[in-house]
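**Q** Sharing a structure below in structure tokens format, with a few things to ask.
The values are calculated or read from the model by the stated rules, or taken from the named source; none is laboratory data. The structure presented is a predicted model; accordingly, all values stated were derived computationally and were not measured. Using ideal geometry, Cβ is built from the backbone for each residue, glycine included, and neighbour counts are taken over all protein chains shown. Accessible surface is based on the protein model in full, side chains and every heavy atom, while ligands, DNA and RNA are left aside. Shrake-Rupley method; radii C 1.70, N 1.55, O 1.52, S 1.80 Å.
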Amino acid sequence: MSAATPTASATAHTDEHYLSMDLLRFTTAGSVDDGKSTLIGRLLYDSKAIFEDTLENLERVTEQRGEDNLNLALLTDGLRAEREQGITIDVAYRYFATPKRKFIIADTPGHIQYTRNMVTGASTANLAIILIDARKGVIEQTCRHSFIASLLGIPHVVVAVNKMDLVDFSEARFNEIVAQFSEFASRLNIPDIKFIPISALHGDNVVDKSDRTPWYQGGALLYTLETVYIGSDHNHVDPRFSIQTVIRPNNDAHHDFRGFAGRVAGGVFKPGDDIVSLPSGLPAKIKSIHGPEGELAEAFAPMSVAITLDREIDSSRGDLFAKLNNQPVVTQDIEAMICWFSPKPLNPAGKYILRHTTRETKCALKAVRYKVDINTLRKQTEDVSVGMNDIGRIHVRTATPLMIDPYKRNRTTGSFILIDEFTNATVGAGMILWPDGGDRAPTDQFADMGGL
Amino acid sequence: MSSYNLTHLAQLEHEAIFVLREVAAQFERPALLFSGGKDSIVMARLAQKAFAPARIPFPLVHIDTGHNFSEAIEYRDWFAQDIGARLVVRYVEDSIKAGRCQEEKGPNPSRNGLQTITLLDTIEEFKFDACLGGARRDEEKARAKERFFSHRDEFGQWDPKNQRPELWNLFNGRKNLGEHFRVFPLSNWTEMDVWQYIAREKLRIPSIYFSHTRRVVNRNGVLLAESPYITLLEGENYEERVVRYRTVGDSTCTGAVESPAATLAEVIQEVASARVTERGTRADDKRSESAMEDRKKAGYF
Ligand SMILES: Nc1nc2c(ncn2[C@@H]2O[C@H](COP(=O)(O)OP(=O)(O)OP(=O)(O)O)[C@@H](O)[C@H]2O)c(=O)[nH]1
Ligand SMILES: [Mg+2]
């Protein structure tokens, strides 16, 4: 047997610091060519997070392309089609760590045609860097991405005013854009917005503070990324647990074991807790909770565990455990904001498959309440045709009940996707408003926010 | 509230287990692609945890090029037996004999690309509808673009320009007849995370990951192990070097790195200060700028 077992001393050497570092997931956003990929490249390059062979490759390819500056965007634009066209098509994930933090970066495309990929990258982020080309200022795609970031409930936004080298690092121009964006963002729900003047191409205020912006008092971008407060973005108040699968070993050692496997979506569960299985409403007591490292005294989001109960109840995939005194809404009617991805427009009389937590059900569209005018965030109630990249508010009725919370209370029990029955493509992403968002004054002219 | 925090390694572990369970729930006939390499060992460990105390509810599948390192093959067989899993092995050799594909020519004929054909045939044979792979996004620029649930058409092809959106943790595994999915539970893990996890879990790994003496030939900067499948070119010699492997694939295209790292702690130290990428030792990626993307489009792992 030619395998080696690590010695005890090897494990003792395991880097405690590395293991205890926290994690920030962030995404880039903004219009095409605003410099998102260049910025990520610059961030990695200046923080020395690029391996030598990758760098050599980059230098070689840059030269082959006949470009003068090292093309940092190629670090994330890895597909052949992306390199040919010089644009990002699909989200690229990059990983890096500084002594302070670990980062998962999603570099997303700015092109409107690939908005679905931007949403993919942004849906799991705690922070978004929205880039704005200093020459162009706030444009429609800036608004669309900012609105999506707000809908998704991304709590932190850094607005990076880029290509400052092309406007002579002008303080006046920077302030103009800050004012422009702030005006637009006043209608969004983004609790924390910071502005930084940068040049992704030349590295100003990316990793190191630039001496070309003496008028700027704040820190460089990396400093912000390393210090922004990341409380958990999980809900630890309302206990929610969706069953993925039931574990039944059927062997002698464990012949009575029946574990409900799933991921905690909210709150805290402990052995002895009185739970209720929904939608049936059957009560039970938690006997034990099994995590990846053995039995647990408590489980919280986003832990993957298996729960055993004190009695046999009929529960299976798609059902949800909550506590007797804290339950989600069980309903077949949902009010939600929807972000549409398919070239085939949303069919107002259409049937779709809806996937919510671990539950899949057919659903029928009952109404399109309005479509959002991306530039003004106003509700459009006359033309409610929702096409690709549009955002609107809908009412759907599902074939079986769902256990829901508003998205702003719980990202997991408050979100769903719509799937085309015939192509199986994911055609829309939904953020649930109801019951909280449903009682907005009908005169309110601005769009609802699914997020925070 | 602040006590409800998980370290990043724990977050990755819980995420991977969630993905593995989704695969068991959403598919009828999943398989776990197991090579005996470190990533697939970690993935298999996570699968054990995901379904404990029951057994892993799908077989381990290995596509054997016939040019694999014997240490990895021995490990593979030991591991499957140790955890009581069903092991399916299919051979590139058989695909060649059956005329399904042709051996490459030249001094460095690699069966790495040919694996795709054997893999797709195996998927067809067992009607696998989801194949779990240990690939990580940090490995390579085309992999950086992968979804967790990656759709493959009826020809096993990946269409990177038209991937399904993947929102939050809602994985859409719906497909039409003949199509299948590749699923990557370790998507967000880095090489360092994998090593840290091996240390935390005290996992056994094949000995070639640790420093040893081996006869190798330096070909275009890649240290290839002595084997009957390599023809020495003029001016080339085998020489003894103290090496280890950072990644374990087909022996004709996986290079060794010179290293004195003989314990896990030393390997972790080495990974922490590494200045070239893990796949820098892979001759298969050096073939062209988009070698990986092209292979993946065709149905490679
Ligand atoms: N002068 C100047 N040019 C920049 C700067 N940042 C980016 N660019 C250039 O702007 C162009 C587009 O940059 P990318 O990084 O590819 O833009 P992107 O936002 O990633 O574009 P998409 O991903 O396609 O939406 C490239 O030619 C960059 O060199 C900057 O700070 N100054
Ligand atoms: Mg880009």
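**Q** Determine, yes or no, whether residue A:19 is in a helix (DSSP H, G or I), away from ligand 2 (no atom under 16 Å from the Cβ) and touching a Ser or Thr at 6+ places or on another chain (Cβ under 7 Å).
**A** Yes: the conditions hold for residue A:19.
**Q** Applying the selection to region A:94-112, what residues are open to solvent by 50 Å² or more (accessible area, probe 1.4 Å) and either more than 9 Å from chain B (Cβ to nearest Cβ) or within 12 Å of ligand 1 (Cβ to nearest atom) (or both)? Steps first, please.
**A** Of region A:94-112, the ones open to solvent by 50 Å² or more (accessible area, probe 1.4 Å) are A:94, A:97, A:99-100, A:111-112.
Scanning region A:94-112 gives A:99, A:100, A:111, A:112.
**Q** Something else now. Can you tell me which condition residue A:86 does not meet? The list is (1) within 16 Å of ligand 2 (Cβ to nearest atom); (2) on the phi < 0 side of the Ramachandran plot, and all the others hold.
**A** Among (1) within 16 Å of ligand 2 (Cβ to nearest atom); (2) on the phi < 0 side of the Ramachandran plot, the lone unmet condition for residue A:86 is (2).
**Q** While we're on this one: Looking at region A:28-43, can you tell me whether even one residue there is modelled with pLDDT of 80 or more and away from ligand 1 (no atom under 12 Å from the Cβ)?
**A** no
**Q** Any idea which of A:235, A:205 is crowded, with 17+ Cβ neighbours inside 10 Å and assigned by TED's automatic domain parsing to the domain that holds residue A:48?
**A** Going through A:235, A:205 in turn, just one is crowded, with 17+ Cβ neighbours inside 10 Å and assigned by TED's automatic domain parsing to the domain that holds residue A:48: A:205.
**Q** Here is a follow-up. Which is closer than 23 Å to residue B:229 by Cβ and open to solvent by less than 50 Å² (accessible area, probe 1.4 Å), of B:99, B:156, B:133, B:113?
**A** B:113
**Q** To continue, here is another question. Determine, yes or no, whether residue A:78 is assigned to a loop (DSSP other than H, G, I, E, B), within 16 Å of ligand 2 (Cβ to nearest atom) and modelled with pLDDT of 90 or more.
**A** Judged against the criteria, residue A:78 is not a match.
**Q** Also, quick follow-up: State the number of residues belonging to region A:32-60 that are within 14 Å of ligand 2 (Cβ to nearest atom) and within 13 Å of chain B (Cβ to nearest Cβ).
**A** Looking only at that region, the number is 4.
**Q** Could I ask something else about it? Would you mind stating whether residue B:298 is over 27 Å from residue B:151 (Cα atoms), more than 10 Å from every other protein chain (Cβ to nearest Cβ), in contact (Cβ under 8 Å) with a residue 24 or more places away in the chain and not polar (S, T, N, Q)?
**A** no
**Q** Please determine whether any residue of region B:209-224 is in contact (Cβ under 8 Å) with a residue 40 or more places away in the chain, open to solvent by less than 20 Å² (accessible area, probe 1.4 Å) and within 17 Å of the chain's Cα centre (by Cα).
**A** Scanning region B:209-224, I find at least one residue that is in contact (Cβ under 8 Å) with a residue 40 or more places away in the chain, open to solvent by less than 20 Å² (accessible area, probe 1.4 Å) and within 17 Å of the chain's Cα centre (by Cα), so the answer is yes.
**Q** So, in region A:298-336, exactly how many residues are in contact with a helix residue (DSSP H, G or I) (Cβ under 6 Å, 6 or more places away or on another chain) and more than 12 Å from chain B (Cβ to nearest Cβ)?
**A** Total meeting the criteria: 1.
**Q** What pairs can you find where one residue is in region B:159-180 and assigned by TED's automatic domain parsing to the domain that holds residue B:149, the other is among the small types (Gly, Ala, Ser) and open to solvent by less than 10 Å² (accessible area, probe 1.4 Å), and their Cβ atoms are less than 6 Å apart, with a gap of 6+ or different chains?
**A** That search, which allows pairs on different chains as well, returns B:167/A:123; B:167/A:429; B:168/A:123; B:168/A:415.
**Q** Which residues, taken from region A:26-67, are among the aliphatic types (A, V, I, L, M), open to solvent by 30 Å² or more (accessible area, probe 1.4 Å) and without any contact (Cβ under 8 Å) to a residue 24 or more places away in the chain?
**A** Answer for region A:26-67, where residues must be among the aliphatic types (A, V, I, L, M), open to solvent by 30 Å² or more (accessible area, probe 1.4 Å) and without any contact (Cβ under 8 Å) to a residue 24 or more places away in the chain: just A:55.
**Q** Give the residues of region A:300-322 that are surrounded by fewer than 19 Cβ atoms within 10 Å (Cβ to Cβ) and farther than 27 Å from residue A:399 by Cβ, sorted by residue number.
**A** Within region A:300-322, A:308, A:310, A:311, A:312 qualify.
**Q** Between A:124, A:142, A:98, which is of a type in the set (Ser, Thr, Tyr), out of contact with any strand residue (DSSP E or B) (no Cβ under 8 Å at 6 or more places or on another chain) and more than 13 Å from ligand 2 (Cβ to nearest atom)? Even if it seems obvious, please write down each step before you answer.
**A** On the way: A:124 fails: out of contact with any strand residue (DSSP E or B) (no Cβ under 8 Å at 6 or more places or on another chain); A:142 fails: out of contact with any strand residue (DSSP E or B) (no Cβ under 8 Å at 6 or more places or on another chain).
Of A:124, A:142, A:98, the one residue that is of a type in the set (Ser, Thr, Tyr), out of contact with any strand residue (DSSP E or B) (no Cβ under 8 Å at 6 or more places or on another chain) and more than 13 Å from ligand 2 (Cβ to nearest atom) is A:98.
**Q** Further, regarding this structure: Going by what's in this entry, would residue A:361 be described as loosely packed, with under 15 Cβ neighbours inside 10 Å, outside any loop (DSSP other than H, G, I, E, B) and not assigned by TED's automatic domain parsing to the domain that holds residue A:114?
**A** no
**Q** Hey, which of the helices (runs of 4 or more DSSP H) in region B:1-103, taking only ones fully inside, have at least 3 residues that are more than 10 Å from chain A (Cβ to nearest Cβ)?
**A** Where helices (runs of 4 or more DSSP H) fall fully within region B:1-103 and carry at least 3 residues being more than 10 Å from chain A (Cβ to nearest Cβ), they are B:38-51, B:70-83, B:92-97.
**Q** Here is a follow-up. Can you say whether residue A:115 is within 16 Å of ligand 2 (Cβ to nearest atom), within 12 Å of chain B (Cβ to nearest Cβ), surrounded by 23 or more Cβ atoms within 10 Å (Cβ to Cβ) and not aliphatic (A, V, I, L, M), as far as the supplied structure shows?
**A** Answer is yes for this residue.
**Q** Further question on the same structure: Any residue in region A:179-203 that's within 14 Å of another protein chain (Cβ to nearest Cβ): show its pairings with residues that are within 16 Å of ligand 2 (Cβ to nearest atom) and open to solvent by 50 Å² or more (accessible area, probe 1.4 Å) at Cβ separation under 8 Å, as long as the two are six or more apart or on different chains.
**A** Every condition considered, no pair remains.
**Q** While we're looking at this one, here's another question. Of the residues in region A:286-297, how many are facing chain B (nearest Cβ under 9 Å) and in contact with a Lys or Arg (Cβ under 8 Å, 6 or more places away or on another chain)?
**A** Count: 1.
**Q** Open to solvent by less than 10 Å² (accessible area, probe 1.4 Å), within 11 Å of ligand 1 (Cβ to nearest atom) and not aliphatic (A, V, I, L, M): does that describe residue A:120?
**A** Taking the combined requirement at face value, the residue does not satisfy it.
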